[in-house]
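Since the structure comes first, as structure tokens, the remarks are kept for the end.
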Amino acid sequence: MTPPTLPHQAPAPDAEGRPRPPAEDRRHVVRRRWITAIIIVLLIGVPAGYLAVSAQQSRQSGRDKAAKVGAVHVRPAWPSKVQRSIYEVPIPDQASAVGYLETNNWHTSRLYTEFALTPAQLDTFLADAGTRREALTRGVSISDHDARIAGWSWKPDHSWFGITLDAKEPRPTRDITVDLSDPVVPRVYVVSTAIP
């Protein structure tokens, strides 16, 4: 006959002689499982949510870059200050109707820009570019190939004047064409070609 167990008696030891832990009641089991579930959510769910948000932002950034890279004609926007500095295109801050396109390949990089100015701003732009209005010659200085890439066409009834500003590498060569058909608002077209 087995003696009755006393209420405060320790549980019987296991096979190795260690005492067995007391059995958990239902409330402790539920609480432990909830804590485990919360830890799993924090360790897996939060990083997974971060990765999902990060992937979406990266995807959107990729679309924006693809739109810039995939542009096939000059689009309305300002080139960055870095681009203007590298390609030596000193667009005055007061310029209007500014547009640009940058193309790059292994051999050359080009920045196509267009903008409208006042006559005084045109003189300032030409001086900053290293030339003057009197140095412009009648006609277009931008090649047909570059005009096609930029999406420009030269109307025969307009007053076109241009100049090519050559420079030693690594400085860019700049083809500048000015439309003086409206003397109050001259329009400038520039193709700056850099060879890396």
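The values are calculated or read from the model by the stated rules, or taken from the named source; none is laboratory data. Fair warning: this is a prediction, and the values are worked out from it, not measured in the lab. Quick reminder, even Gly has a Cβ in these numbers, built from the backbone with ideal geometry, and neighbours come from all protein chains shown. Only protein heavy atoms, including side chains, enter the accessible area calculation; ligands, DNA and RNA are left aside. Shrake-Rupley method; radii C 1.70, N 1.55, O 1.52, S 1.80 Å.
A simple spin-label model places the labels of residue 36 and residue 96 7.2 nm from each other, with each point 7 Å out along Cα-to-Cβ. Sorting 28-40, 169-181 by their mean Cβ neighbour count within 10 Å, with the most densely packed peptide first, gives 169-181, 28-40. The trypsin sites (Lys or Arg not before Pro) of the range 115-146 that DSSP puts in a loop, and whose beta carbon has at most 11 other beta carbons within 10 Å, are 132. Legend: calculated FRET efficiency, residue 116 to residue 168, from the Cβ-Cβ distance at R0 = 30 Å, rounded to 0.05, equals 0.45. Take the range 48-192 with all the other protein chains still there, run a 1.4 Å probe, and you get 58 Å² of accessible area per residue.
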